[in-house]
Structure formats: structure tokens, C-alpha cells
Amino acid sequence: MISPRILVVEDESIVAEDIRERLQRFGYEVADAVSSGEAAIARAAGLRPDLVLMDISLSGAIDGIEAAEKIHEQWDIPVVFLTAYSDSGTLQRARSSGSFGYLLKPFDERELRATVEIALYRHRLEKELKESRNRLAITLQSIGDGVISTDSHGIITYLNPVAEELTGWTKEEATGRELSEVFNILDETTEAVAPNPMTRAIRDGVIVGLQNHTVLVSRSGRRVFIEDSAAPIRDEKGRITGGILVFHSVNERRHLEDQLRQAQKMEAIGRLAGGIAHDFNNITTVVYGQSELLLKRLSESDPARNNVEEIKKAGERAASLTRQLLAFSRKQILQPRVLDLNEIILEMEDMLRRLIGEDIELTLSLAPALGKVKADPGQLQQVLLNLVINARDAMPQGGRLIIETADVELSEGLASEPDTVAPGRYVMVAVSDTGTGMTPEVQERIFEPFFTTKEQSKGTGLGLSTVYGIVSQSGGCIRVHSEPGAGTSFSIYLPQAEEDIPEAGEAEPLITAPAGGETILLVEDEAMLRRLFHEILEMDGFNVLEAANGREALQMSERYQGRLHLLITDVIMPQMSGYELADQLLQRHPGLKIIFMSGYTDDVQVQRSINNQGVMFIQKPFTPEALERKIREALEPQSPQSAG
């Protein structure tokens with residue numbers, strides 16, 4: 001064990017030597033002995049002893065008390081005074097200097113040893129206490145929670161930096177104030193003042209949690225959702241001497257929870273929309289097809305013709321609505337290809353200028369050498385058209401519309417929302433206006449189908465939901481920034497495509513009307529649709545085999561002795577899907593052509609099938625003419641003529 005090192009300061013050499021000998025007998029190490037206050041300060045700086053025995057009356061410019069004050073202040077070295085003076089003035093000066101004891105000359109060995117031991121022990125305890133307090137202070141300042149402590153009457157004694165930031169009060173301003181003045185909390189639902197948890201914690205001596213939905217109103221009026229608890233502080237005898245409140249902001253968590261709920265709601269609406277579209281498309285196809293067949297049978301002068309045309313128009317409107325529902329639910333069939341977004345915008349420029357009118361200025365800011373995207377060009381045109389129409393409607397008095405493109409690198413920073421995309425390289429297209437803008441409440445609902453702020457006759461509420469669905473199904477995301485009176489900006493991010501745009505060849509020649517005579521196996525579980533399609537095909541001269549499901553179709557194909565040229569089948573059917581039916585029929589009829597049809601299906605499955613040679617897809621609802629053209633395309637595919 002290392003012996004304590006002591007510096008002796010005594011201007012009488014005989015007394016100094018006597019003290020040295022005594023200390024050494026006790027087992028202490030005397031680092032040095034000096035005779036003046038100036039020398040004591042200098043030696044303390046160099047030696048850094050564990051204790052200084054200091055005579056008060058010294059020769060030189062400063063006495064022992066003044067020297068002791070400097071030594072203790074600068075190096076935290078304890079000092080014990082040696083003095084022959086016991087007057088109250090001297091003793092008062094010695095106490096105020098922060099001394100650790102004093103000995104009245106003459107003193108015996110027992111007094112000297114006891115005083116030295118007590119001084120060393122006291123200094124060690126004070127040092128440990130100071131270090132403990134420093135560690136506690138650093139801990140309180142470093143933790144991510146706000147901490148407020150009070151006395152037993154609820155008067156604030158401490159705030160850490162996080163509590164300062166959340167409440168808006170500094171530690172100096174808050175200390176000495178009642179907790180309720182600084183820690184102002186409300187119930188989110190009722191807006192009433194919430195019970196202060198510290199009151200009960202101190203009164204009952206228990207830990208008290210904050211109520212759910214507690215809002216802290218800061219000094220500036222900022223509202224922060226908080227959580228956590230208050231607890232009593234007890235002394236060594238168990239008496240409550242105060243309380244401590246620990247709390248933290250849950251604003252970010254609440255924001256993420258709101259986003260998750262919104263995403264789940266959108267997904268649920270999407271599933272509902274997709275399911276409705278499936279059934280509705282079947283009905284619309286019947287309305288659409290039967291009206292077309294009736295019009296073919298009616299002369300131009302027939303008085304019933306106008307009624308049938310109105311039925312057809314209603315069917316067209318219904319078909320448009322279901323297409324938008326499918327787009328929102330991301331269940332439509334896309335035909336993506338690698339393309340240049342700038343080219344699509346430039347092709348639409350004239351149409352967009354006519355659409356928005358002369359009182360709105362259209363500005364294009366297109367990045368040169370823009371990266372390519374893989375998407376359905378028709379769907380992207382629909383996205384741009386819907387956004388431009390929305391922007392136009394937001395500027396009834398005119399304004400400015402800006403369409404810009406750019407290559408961007410998305411990092412994890414954007415990945416803070418539930419429908420986010422993976423980090424990487426994207427092509428951005430933004431449509432911004434100087435119109436009326438939107439409130440945060442409206443922004444939360446703009447992508448919901450049938451939600452609209454327009455008059456009843458001016459919108460269905462499906463425009464932005466369609467945009468949302470198309471962009472999501474294309475692997476991208478959409479962000480909106482808007483403020484009331486300050487305009488709106490929609491930014492769409494689509495993944496950059498690695499493939500190059502193929503060189504354009506000559507256009508494919510038009511496909512002529514089907515000639516008929518081929519045998520078609522028609523499989524559709526909806527009886528109304530099956531009768532309609534059968535009638536259309538027979539009118540075109542085809543030999544039609546009709547089945548209500550996959551198993552019935554397989555049995556019919558086994559009984560039929562002739563050649564099957566084409567299978568037209570619904571995708572989603574009970575017992576056996578159209579994919580399973582096609583796979584089995586292709587094994588028996590290798591040259592069989594296939595057309596899948598559906599009003600609601602999974603794009604991945606359809607794409608897997610239509611990539612196979614001879615397999616095509618037609619989306620319900622469709623017209624008889626569209627079906628005829630699809631059949632001819634399947635039976636007699638036309639290839640572009642070679643460039644000479």
C-alpha cells in the first residue's frame with residue numbers, strides 16, 4: 001500500500017523537523033518541507049501531495065490561509081492548518097478557506113495523527129462523492145429522455161438538456177418554479193389539463209405512469225406527445241425528499257404508426273376495390289358486348305338505336321371506373337417496355353397545353369440524357385394526364401404549371417414511409433402548380449378512391465388513386481408536398497432501367513377482321529359472359545366448343561376429334577384456374593394458341609404466362625371488336641417487314 005505523501009509548510013525549522021519525524025514514524029512520506037506561502041504553492045504544483053500541513057503565520061508576502069486557498073482551489077489538495085492562534089477571526093478565516101482541520105500548537109502525536117487521518121479520509125470521501133455526482137450529471141445530460149427532479153413540495157431542482165429542449169425552459173429559468181408551470185401537460189382527446197404524475201408519486205410514494213395520449217405543451221406552444229413516469233426520491237431513512245420525472249417524445253413513433261395505419265387502410269381499400277372490379281367487370285362486359293351486338297342488328301333509323309347507344313355509353317363509363325379501381329388496387333395488366341420519360345412528356349405537350357387553357361403557363365424542365373424506365377407507356381400517360389388535370393382544377397384563376405424530370409439517387413432517407421422504395425437510382429418526374437394547395441388533413445386522404453374535394457359533377461375521386469396504383473405497380477413511389485395557398489407538387493420516382501431502348505422498326509400492319517372457320521374452345525364460369533362470347537364467335541364464323549370450368553373443358557377436348565386452334569379461357573375459375581387448364585391442354589395440343597381473359601388477376605402470374613409463345617391476354621371489359629382483333633392476332637400473327 002502506498003503511503004500518503006505530505007507537504008509540510010513551517011517557517012520555524014526546528015518545528016518543521018519535529019513534524020517530519022513524527023509523520024515518518026506514523027508511516028507517512030514527507031514529500032518536502034518549506035517555509036513560505038509562495039514556496040508552498042510552487043512545491044504543491046510540482047509534487048501534488050496528498051495533504052498539506054500549513055502554518056498560518058508565515059514569512060513572506062502571503063500567509064498560510066491565502067496559500068491554502070490557492071492550493072485547494074487549483075489542485076484540490078486538502079490542507080490542515082497549524083497555528084498558535086485561537087482567536088475567532090483567525091479560525092473563521094481558516095474555516096472559510098475550505099480547510100480540512102487545524103491543530104493548535106503545541107499538539108501531541110495522537111492529535112496530529114488523528115487530524116491527518118480524518119483529513120485524508122474526508123478528502124477521499126468528498127472526491128468520490130464529486131466523481132459520483134459528475135458521473136450522474138453526465139448520465140442525465142447524455143440520456144435520450146427528459147429528466148426533471150423536484151423537492152418534496154414539487155419545486156424544480158434540476159432539468160437535463162432533453163427536458164430543456166422539450167419544455168422550452170432552461171435549467172436556470174426552471175429551477176425554483178413549480179413543476180406544473182414548466183411541465184404543462186394536456187389530455188389529447190379532451191384537451192383538459194392532465195393529472196401531474198409527480199403529485200401522486202410524492203404523496204403516495206409510488207411510481208406513476210403518464211396517461212395515454214398525453215401532450216406536453218412547451219413554452220413556445222409546440223405540442224409533443226410524451227410517455228413515461230414519475231417516481232419518489234427517498235433518503236437513507238426511507239423518507240420522501242422529492243421526486244424525479246422521466247419522459248420522452250413519441251412524436252416520431254406516432255407518425256410512423258399513423259403512416260402504417262394509412263398504408264393498411266389503403267391496402268384494405270385496394271383489396272376491396274380489386275374484388276369489386278372483378279365482379280363488376282364481368283357485368284360491364286355483358287352490358288358492353290350485348291349493346292354492341294344490338295347496334296349491329298339495328299338500322300340507323302331504328303328509334304331504339306339511341307337507347308342502345310346510351311346503354312353502351314353507360315357501359316363505357318362503368319368500364320372506365322373499374323379500370324381506375326384496378327389501377328389503384330395494382331391488379332391491372334401492364335405492358336411495360338423500356339422508354340424515355342422525356343419523350344412521353346414531349347409527345348403529350350400539345351395536348352396538355354390545350355387541356356389546361358391559355359390562362360395557365362406550362363413550363364417543361366426536362367433533364368438532358370435522362371435515365372430510362374421500364375413501364376407501360378399508356379399508363380404513364382394516364383398518370384401525367386391525371387396530375388395535370390388536378391393541377392388545372394387547383395388554379396381556376398390561372399397560374400403556372402411546371403413538369404420537370406431528373407435522375408436521382410435515393411438513399412435510406414426517403415425510406416421513412418410504409419410504401420417506400422429500395423435505395424438506388426431513380427428517374428423523377430414532378431408536376432407542380434401554383435394553385436390553392438391542400439391542408440394536411442386533405443393530404444392524408446388524397447390517394448383514397450372516391451375521396452375528392454371537387455364538386456359532385458367535377459370528379460369521381462379516382463384520379464389520384466389511379467396514379468397511386470399505377471406508380472406502385474410500376475415499382476415506384478409518389479410523394480406530395482403542399483401548403484394551403486402555396487401550391488402543390490407531386491413527385492414520382494420510378495426505378496432506372498438497365499436495358500436499352502430497342503431501335504424502332506417499321507410499324508406492324510393492321511390486323512384484318514377474322515375470317516372464321518377455326519375451332520375455339522371457350523371456357524368461362526359466368527353463364528352470361530359465356531353466352532355472349534359464344535354468340536360473338538359464332539357470328540364471326542368460328543366453330544365454338546363451350547365449357548363452364550376447366551375439368552369440363554378437358555373432357556370436351558378429349559371427346560373432340562378435330563383440331564383445336566385456340567383456347568379462350570377466364571383466368572380465375574373454381575376447381576381449376578385458366579393457367580392450369582392451359583398447361584394441361586398444351587401437353588395434348590402443342591400448337592394450341594391461348595388467350596387469357598380476366599377482369600381481376602395477378603400481374604406476375606399473367607406475365608409469366610403471356611411471355612410464352614402463342615399466349616395472349618385481354619382485359620375485361622372489352623368490345624366484340626377488341627376480341628375479334630385479339631383472336632386474329634393469335635391465329636394469324638403478323639410480323640414487321642424487314643427493312644431493306
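Cross-link reach is defined here as a Cα-Cα straight distance under 12 Å, omitting same-chain residues fewer than 8 places apart; for LYS313 the aspartates and glutamates meeting it are GLU292. Label-to-label distance for GLN397 and GLU409 is 4.4 nm, based on points extended 7 Å past Cα in the beta-carbon direction. Is there a pair in LYS105/LYS127; LYS374/LYS630; LYS70/LYS127; LYS372/LYS630 whose C-alpha atoms are over 22 Å apart, and which pairs would that be? Cα-Cα > 22 Å for LYS105/LYS127; LYS374/LYS630; LYS372/LYS630; rest within.
How far apart, in nanometres, would the label points at GLN381 and VAL217 be if each is projected 7 angstrom from Cα along the Cα-to-Cβ direction? Result: 5.6 nm between the two label points.
Divided by 2.2 N^0.38 Å, where N counts the residues, the Cα radius of gyration of the range 95-252 comes to 1.43.
For CYS477, the amide hydrogen comes within under 5 Å of the amide hydrogens of TYR493, counting only partners 5 or more places away or on other chains and with H modelled in the peptide plane. To the nearest 10, the accessible area of TRP75 is 50 Å² with a 1.4 Å probe. Which FRET efficiency value, to the nearest 0.05, do you get for GLU111 and ILE207 by plugging their Cβ-Cβ distance into 1/(1 + (r/R0)^6) with R0 = 45 Å? Between GLU111 and ILE207 the formula returns 0.35.
With a point put 7 Å past each Cα toward its Cβ, work out how far ALA45 is from GLU252 in nm, to one decimal. Result for the modelled spin labels: 4.9 nm.
The values are calculated or read from the model by the stated rules, or taken from the named source; none is laboratory data. Bear in mind the structure is a predicted one, so any value in this text is a computation, not a measurement. We place every Cβ from the backbone using ideal geometry, glycine too, and count neighbours over all the protein chains shown. To get the accessible areas, we keep the full protein, side chains included, count just its heavy atoms, and leave off ligands, DNA and RNA. Shrake-Rupley method; radii C 1.70, N 1.55, O 1.52, S 1.80 Å.
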